[in-house]
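What follows is a short report on a single structure.
Values quoted throughout were computed directly from the atomic coordinates according to the rules given, and no laboratory measurement underlies them. Owing to the predicted nature of the structure, the values given are computational and were not obtained by experimental measurement. Neighbour counts run over all protein chains shown; Cβ positions are idealised from the backbone, glycine included.
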Amino acid sequence: MTDRAAAGDAAMQMDAEAFERLVVDELDRLPDDMVDGLDNVIFVVEDRPEDGSLDLLGLYDGLALTERDRYGMGDLPDRIMVYREPHLAQCATEEELRDEVHTTLVHEIGHFYGIDDARLHELGWA
């Protein structure tokens, strides 16, 4: 639980369409060398993870580039999910929200490239 949620602060409000635009804006701001290597990956914005929790901000669902020895045509795209309600619950301002979405995108793209959580923490992207 976040400090804001524990203190009883109300979650930031933003509808799904506005949040999706914000995610697209932050994705457009990522360095080209980070996104140009993405192959067969889609970005999906959902309200919450399947378990309904507010703890998970994003998820990479796919096969990391480092494990794609038999990956090829016809494979379903990998997905990077960004969860709206958990982000809103953890942020008080749009600036905080943009920063957190940016970090989530970098983190999940890192998983695509085969970087594990421990290394992402070391790099400051977790």
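Results, tabulated for the structure shown:
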{"quantity": "Paramagnetic reach from E67 (point 7 Å along Cα→Cβ, amide N under 16 Å) across the stretch 94-117", "calculated": "108-117"}
{"quantity": "Considering only the chain, percent of DSSP beta bridges that pair antiparallel, nearest 5", "calculated": "40 percent"}
{"quantity": "Stretch gain in nm, segment A92-D55, where the contour uses 0.36 nm per residue and the Cα spacing is subtracted", "calculated": "11.7 nm"}
{"quantity": "Acute angle (nearest 10 degrees) that the helix 16-29 long axis makes with the longest principal axis of the chain, alpha-carbon atoms", "calculated": "50 degrees"}
{"quantity": "Inter-label distance, nm, simple model (7 Å from Cα along the C-beta direction), A118/D15", "calculated": "4.6 nm"}
{"quantity": "R29 versus D75: modelled label distance in nm, points set 7 Å from Cα along the beta carbon direction", "calculated": "3.1 nm"}
{"quantity": "Label selected from (1) 26, 15, 14; (2) 47, 24, 12; (3) 30, 12, 11, the criterion being semi-axes √(5λ) of the Cα gyration tensor in Å as computed here", "calculated": "(1)"}
{"quantity": "Trypsin sites (Lys or Arg not before Pro) within the stretch 39-88, DSSP loop, no more than 12 other Cβ atoms inside 10 Å", "calculated": "R70"}
{"quantity": "Residue with peak Gaussian network fluctuation, the chain [Cα springs, cutoff 10 Å], from L57, L27, L105", "calculated": "L27"}
